[in-house]
Amino acid sequence: MDFSFLPSHHALCIVSLTRDDTVTQLRDHFGTIDTIVEVIDNKVIDIETARYVKSWNVKSFEKPKVMILSFHTIGMPAQNALLKVLEEPYPDTRFILVTSHL
């Protein structure tokens, strides 16, 4: 996969039947461009996970950061909690959501 387009976007959703392979490829890609990479791989993104994502968003690092959220489903409370974070992340922060279906 070609991920060269990703750094210009602050949030992106990838639908992939090979979710695990996609996450591995993303992790490898961002590891080569001097970026902090955090991966959350849960079957369901719940409100507790959303709270963690929100707290991670405000952490500052010396390098750009990318969070890869891999999931099958995301609960409505978690969707609502993540809305602002995904729309307006901190500077040099990217979010990539990977799911096997919408």
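The values are calculated or read from the model by the stated rules, or taken from the named source; none is laboratory data. Every value quoted in this text rests on a predicted model; they were computed, and no experiment measured them. Cβ coordinates were reconstructed from backbone atoms using ideal geometry, including for glycine residues, and neighbour counts include every protein chain displayed. Remember, those area values only see protein heavy atoms, side chains included, never the ligands or the DNA or RNA. Shrake-Rupley method; radii C 1.70, N 1.55, O 1.52, S 1.80 Å.
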### Query
Within the stretch 71-90, what residues put their amide N at less than 19 Å from the label point 7 Å along the Cα-to-Cβ vector of residue 20?
71-73
## Note on the structure
What helix-only [θ] at 222 nm does the chain give? Using -39500 (n - 2.57) per DSSP H run of at least 4, over all residues, to the nearest 500, the answer is -11000 deg cm²/dmol
#### Entry: Rotationally averaged projected area of the stretch 21-74 (alpha carbon convex hull; nm²)
3.8
### Message
If you count only protein heavy atoms with a 1.4 Å probe, what accessible area per residue comes out for the chain, rounded to a whole Å²?
### Response
59
